[in-house]
1. Taking the range 35-61 only, how many residues are at pLDDT 95 or above and basic (Lys, Arg)?
2. I'd like the residue in the range 1-34 that is among the β-branched types (Val, Ile, Thr) and modelled with pLDDT of 95 or more and, out of all such residues, is least open to solvent (accessible area, probe 1.4 Å).
Amino acid sequence: MTSVRIDLDHDLLAAAAAIMGTSTNDTTINEALRRIVVHERQLHHLANRAADVLFDIPASAAAFAER
């Protein structure tokens, strides 16, 4: 892994560690990054599925609309 020097909000880091049950700063940051990636992928997938359901016109209705 790459080392990066960044300034962090220590109160926020401590709160995140408490929520996630992590014990080191590295673990907390990596787990937070992993969770946000998973969360965003799930939202993207859900949005795509919702669009498929909401905007998918059955073939019979599409044929009727073309008349």
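The values are calculated or read from the model by the stated rules, or taken from the named source; none is laboratory data. Worth saying up front: this structure is predicted, and the values here are computed from it rather than measured. Ligands, DNA and RNA are excluded from the accessible area calculation, which covers all protein heavy atoms including side chains. Shrake-Rupley method; radii C 1.70, N 1.55, O 1.52, S 1.80 Å.
1. So the answer is 2.
2. Ranking the qualifying residues of the range 1-34, first place goes to THR28.
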